[in-house]
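Shown next, in structure tokens, is the structure this report addresses.
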Amino acid sequence: MTVPHETRPLAGASIAAAITTLRVRGMRVSAARRHVLEALYAADGPVSAEAIAAGLGGRLPAADLASVYRNLGTLEEAGLASHMHFGHGPGLYELSSRRRHGYAACERCGAHRALPAAVVDRVVEMVRAACGYEASLVHFPIAGRCPDCEEEHHAHP
């Protein structure tokens with residue numbers, strides 16, 4: 001099991017702001033690191049390191065996968081990126097400034113969606129009331145079946 005970084009998320013409003021943050025923290029801004037930042041800003045949602053290395057379906061040039069992973073780790077340590085796991089697939093990364101409070105993921109088809117903060121707050125409160133734990137739904141989603149898969153399951157048990 002991977003553990004999320006405890007670094008406080010930073011709001012990198014733009015690539016330029018993220019680069020400034022890295023430099024202020026004494027970190028180099030290599031071409032590879034800039035490439036990963038550009039991919040995270042270009043992505044429509046959480047994205048795998050493999051998708052970044054492949055160039056996001058042709059939107060960016062391809063990159064070395066090991067370099068992408070190293071730079072994602074550095075960006076996480078800096079508080080600019082974070083990752084989560086949806087089921088058994090690879091970790092997915094996104095900008096910390098775009099991070100949702102939580103996700104729901106379908107165990108059958110793999111679909112996932114961001115949950116409104118009010119929904120996550122209610123679930124966290126129910127867990128706290130039931131067993132005293134302070135739940136975190138950021139690194140792992142609420143897993144189950146999406147409405148489409150649940151409907152199909154009931155139609156064809």
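General remarks:
- Taking the numbered list (1) in a loop (DSSP other than H, G, I, E, B); (2) touching a Lys or Arg at 6+ places or on another chain (Cβ under 8 Å); (3) at negative phi in turn, Gly79 passes all entries but (3).
- Taken over region 11-32, the criterion of being more than 16 Å from Ser96 (Cα to Cα) and either among the aliphatic types (A, V, I, L, M) or crowded, with 17+ Cβ neighbours inside 10 Å (or both) is satisfied by Val24, Met27, Val29, Ala31, Ala32.
- Flag if Leu72 is surrounded by 16 or more Cβ atoms within 10 Å (Cβ to Cβ) and part of a loop (DSSP other than H, G, I, E, B): no
- Options Ser30, Ser14; residue that is hydroxyl-bearing (Ser, Thr, Tyr) and modelled with pLDDT of 90 or more: Ser30
- In the set (1) open to solvent by less than 30 Å² (accessible area, probe 1.4 Å); (2) of a type in the set (A, V, I, L, M, F, W, C); (3) within 27 Å of Glu151 (Cα to Cα); (4) out of contact with any helix residue (DSSP H, G or I) (no Cβ under 7 Å at 6 or more places or on another chain), Leu40 fails one condition alone, (3).
- Each residue in region 119-157 was checked for being in contact with a strand residue (DSSP E or B) (Cβ under 9 Å, 6 or more places away or on another chain) and aromatic (Phe, Trp, Tyr), and 1 pass.
- Annotation: Gly55 fulfils all but one of (1) touching a helix residue (DSSP H, G or I) at 6+ places or on another chain (Cβ under 7 Å); (2) at pLDDT 90 or above; (3) of a type in the set (Gly, Ala, Ser); (4) open to solvent by less than 30 Å² (accessible area, probe 1.4 Å); the unmet one is (1).
- In region 89-139, of all residues being among the small types (Gly, Ala, Ser) and within 26 Å of Ile19 (Cβ to Cβ), the one that is most open to solvent (accessible area, probe 1.4 Å) corresponds to Ser97.
The values are calculated or read from the model by the stated rules, or taken from the named source; none is laboratory data. What you see is a predicted model; the values in this text were computed from it and never measured. Backbone-built Cβ (ideal geometry, glycine too); neighbour counts: all protein chains shown. Only protein heavy atoms, including side chains, enter the accessible area calculation; ligands, DNA and RNA are left aside. Shrake-Rupley method; radii C 1.70, N 1.55, O 1.52, S 1.80 Å.
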